[in-house]
Amino acid sequence: MHRRKFIASGIGATFAAACSIHDPQGQAPVRESIPDVVDFHQHTNYSGRADDALVAHQRTLGVDLTVLLPAGSRFGLAADATGNDAVVSLARRHPDRFVYFANELPDLPETQQVLEKYLDMGAKGIGEQKFPVECDSEPMQLVYSIARDYAVPVLIHFQHEAYNMGIERFHRMLEKFPDVDFIGHAQTWWGNIDANHEQAVMYPKTPVTQGGITDRLLSDYPNMYGDLSAGSGLNSMLRDEEHAIGFLERHQDRLLWASDCNDSVGEGDTCIGSKGLAAVRRLAQAREVAGKILSGNALRLLNRA
């Protein structure tokens, strides 16, 4: 039976149980609080990191809930990441701290069967879709249609001439699948906050001219979100901090903090997640804005599953 028939039992119910306390009189449990920090982008076996090291990393980082993104069956997301069974296993060992997405290469005969299997098991979305296809190709549209049927988001890695090519056409997918929430991520997604972006440049350092493809998609389509993880997300904020302050304010309902960090420590100069978290807290100048980006928007998306 499709996950869309179980919307009421989504992530909110999990945290109502995990974050509840009993009052001194022994009455019914009372919900304490929702997570303050949700990491929307992590991987198992990331660059060989063991599960215990990932759990410790997230605790040190101060993350309350983590979304685990599996690899496809024939491709480790260029990070040696492990697949669906691995993320299910870790999430089941720590159900109060991890949820998981489903994933598969979009152009295999078994794609639909695999995705539906793990969505039926409890996956909260599809991704990270990081495969060498056009973003509006027929195989990707199959993935989008499955996401629509299950009422879950899709997280997409956009990288020029490598993965999900054709970002300039992606608005057509947002229009064709208005009931699907799409989450953009990676170098080409974040480079295109700039109206003057040169597509071959992965980590631009120049000041940002407002109005790039990404900026417009976030502004014009309520089903478009941005994943602020990795070096690309961090670079999008630090390359022009004055622009970033306005960007975070303007798109406060469409942005998700995430780490996509293969570090095993959870702090210091080697941890992109720690740097990204600090950047959001510093540049999202209103507490309400920071709260949406660090957890509120993520929980809203996950509640759809």
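Observations
- Cross-link pairs beyond the 32 Å C-alpha cut-off, checked among Lys117/Lys205; Lys117/Lys275; Lys130/Lys176: Lys117/Lys205; Lys117/Lys275
- Where only DSSP H runs of four or more residues are counted, the chain gives -10500 deg cm²/dmol as its mean residue ellipticity at 222 nm, each run worth -39500 (n - 2.57).
- Annotation: aspartates and glutamates with alpha-carbon distance below 15 angstrom to Lys292 (same-chain offsets under eight excluded): Asp36, Asp39, Asp64, Asp227, Glu249, Asp253.
- Stokes-Einstein diffusion coefficient of the chain, Kirkwood radius over Cα pairs, 37 °C, 0.692 mPa s, in µm²/s: 170
- In nm, spacing of pseudo-spin labels at Asp149 and Met121 (7 Å Cα→C-beta vector): 1.8
- Extended-chain gain in nm, criterion 0.36 nm per residue less alpha-carbon gap, Ser219 and Asn196: 6.5 nm
- Region 197-242 and region 57-96: distance between their alpha carbon centers, rounded to Å: 25
- Rounded if a/c under 1.5, otherwise prolate or oblate - region 123-231, Cα gyration tensor axes: prolate
- Per atom type, the chain shows carbon and sulfur on 49% of its accessible surface, probed at 1.4 Å.
- Percent antiparallel among DSSP beta bridges (both partners in the chain, rounded to 5): 15
- Global geometry of region 174-305, whether rounded, prolate or oblate, following the gyration tensor of its Cα atoms and the 1.5 cut on a/c: rounded
- For region 108-122, the residues whose backbone nitrogen is under 20 Å from a point 7 Å from the Cα of Glu138, taken along Cα to Cβ, are 108-115.
- DSSP bridge orientation in region 109-198 - percent antiparallel, rounded to nearest 5: 10
- At full extension, Arg92 and Asp80 could sit 2.2 nm farther apart than now, given 0.36 nm per residue minus the alpha carbon distance.
- Rolling a 1.4 Å probe across the protein heavy atoms gives the chain an accessible surface of 41 Å² per residue.
The values are calculated or read from the model by the stated rules, or taken from the named source; none is laboratory data. Just so it is clear, the structure is predicted and the values come from calculations on it, not from any experiment. So basically every Cβ, Gly included, is an ideal-geometry build from the backbone, and we count neighbours across all protein chains shown. The accessibility values were calculated without ligands, DNA or RNA, using every heavy atom of the protein model including side chains. Shrake-Rupley method; radii C 1.70, N 1.55, O 1.52, S 1.80 Å.
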